[in-house]
Amino acid sequence: MLIHMFGLMIQPRRQWELIGSLPEKKLRSQLPYVIILALLPAAAWYFGTTQVGWSIGGGEPVRITGQSALELVAVFYCTMVLTVVAIGYFIHWMAKTYGAKTHPLKGVVIAGFTATPIFLVGVAGVYPLLWLDILLATVAVAYAVYLLYLGIPIVMGVSEERGFLFASAIITVSLVMAVLIMVGTVLFWSYVSEPVFH
C-alpha cells in the first residue's frame with residue numbers, strides 16, 4: 001500500500017498501470033489503505049486544535065478541549081472514509097455508461113488512491129495556520145483531480161475521451177458531496193456537538 005502511495009506522488013501513470021493490473025483478490029488487500037491513511041489528518045487535526053491552536057489577528061491562540069476535539073475528529077474521520085466509499089460506489093455505478101467493466105471494490109480503490117494527496121496534506125493540521133492550510137488543501141485537491149483524470153482511463157480500461165467524461169462526472173458527484181458535507185458540518189456543530197473552546 002505504501003508503495004502505491006509514494007508511486008502516485010512520484011510516478012502516477014506507472015502506479016495507475018500497476019493498480020489497474022491487480023486482480024480482484026489483490027484489490028481487497030488495498031481496502032485498509034483508506035482506513036489507515038484517513039487516520040493521518042484526523043490525528044493531526046486533533047493535536048493541532050487541542051495543543052497548538054490557532055490565532056486570529058495575532059491574538060492569543062484558540063484551542064478546543066480534548067473531549068470536544070475527539071468527538072469532532074471521530075466524525076471527521078468517519079466522514080472521510082464514508083465519502084471515499086460513496087464516491088467509489090458512484091465510480092462503479094457510472095462505469096457501464098462509459099463502457100467499463102468493473103465491480104464495487106475497484107471503484108472504492110480508485111477513489112481511495114485518488115484521495116491520497118488530500119490525506120497526506122491533512123497532516124498540516126498539526127499546525128493550524130489558516131492561509132497555509134487552505135493553500136495546501138487547494139494544491140492537494142488539484143493534484144487529486146489530476147490523478148483522477150489520469151487514472152480513470154488506465155484503471156477502467158476506457159479510451160482517453162471516455163475517461164475524460166467519466167472523470168468529469170465523478171468530479172461533479174464529488175462537488176455535490178462536498179457541499180452536502182459542508183451543510184452537514186454546520187448542522188452537526190449547531191445541533192449535535194458544538195466545538196467547546198478553552
**Message:** Defining a contact as two alpha carbons under 8 Å apart and six or more residues distant in sequence, what relative contact order in percent does region 116-198 show?
**Reply:** 19
**Message:** Using Cα springs under 10 Å in a Gaussian network model of the chain, which residue among M156, M80, M177 shows the largest mean-square fluctuation?
**Reply:** M177
**Request:** Taking the convex hull of the Cα atoms, report for the chain its projected area averaged over all directions, in nm².
**Result:** 11.4
**Alpha carbon centroid spacing (whole Å) that separates region 85-120 from region 121-190** = 13
**Prompt:** Within straight cross-link reach of K96, meaning Cα distance under 16 Å, which lysines are found once same-chain residues fewer than 8 apart are removed?
**Reply:** K106
**Fill in**
Note to self: with every protein chain in place and a 1.4 Å probe, the chain gives an accessible area per residue in Å² of 56
**Complete:** Output row, site Y127, 7 Å Cα→C-beta label point, backbone N cut-off 14 Å, window region 50-87, residues 52-55
**Message:** Tell me the accessible surface of W189 in square angstrom (1.4 angstrom probe, heavy atoms of protein chains only), to the nearest ten.
**Reply:** 120
**Asked** At a Förster radius of 35 Å, what calculated FRET efficiency corresponds to the Cβ-Cβ distance of K25 and V173, to the nearest 0.05?
**Response** 0.80
**Prompt:** Accessible surface of E160 in the full protein assembly, 1.4 angstrom probe, to the nearest 10 Å²?
**Reply:** 110
**Complete:** Contact order relative to length for region 37-100, counting C-alpha pairs under 8 Å separated by 6 or more residues, stands in percent at 31
**Request:** Using only Cα atoms, tell me the angle between helix 130-156 and the longest principal axis of the chain; keep it within 0 to 90° and round to the nearest 10.
**Result:** 20
**Complete:** Interchain or sequence-distant (5+) residues whose placed amide H lies within less than 5 Å of the amide H of I64 are T50, H198
**Message:** Treating only the Cβ of Lys, Arg, Asp and Glu as charged (+1, +1, -1, -1), what charge dipole size does region 1-149 show about its Cα centre? Round to the nearest 20 debye.
**Reply:** 700
**Message:** At a threshold of 8 angstrom on Cα-Cα distance, excluding pairs fewer than six apart, so keeping six or more, what relative contact order does the chain reach in percent?
**Reply:** 29
**Message:** What is the percent carbon and sulfur in the accessible area of region 62-198, measuring with a 1.4 Å probe over the protein chains and ignoring ligands?
**Reply:** 76
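The values are calculated or read from the model by the stated rules, or taken from the named source; none is laboratory data. Values in this document were obtained by computation on a predicted structure and should not be read as measured data. Reconstructed Cβ throughout: ideal geometry from the backbone, glycine too, with neighbour counts over all protein chains shown. Protein only, heavy atoms only, side chains kept; ligands, DNA and RNA dropped before computing areas. Shrake-Rupley method; radii C 1.70, N 1.55, O 1.52, S 1.80 Å.
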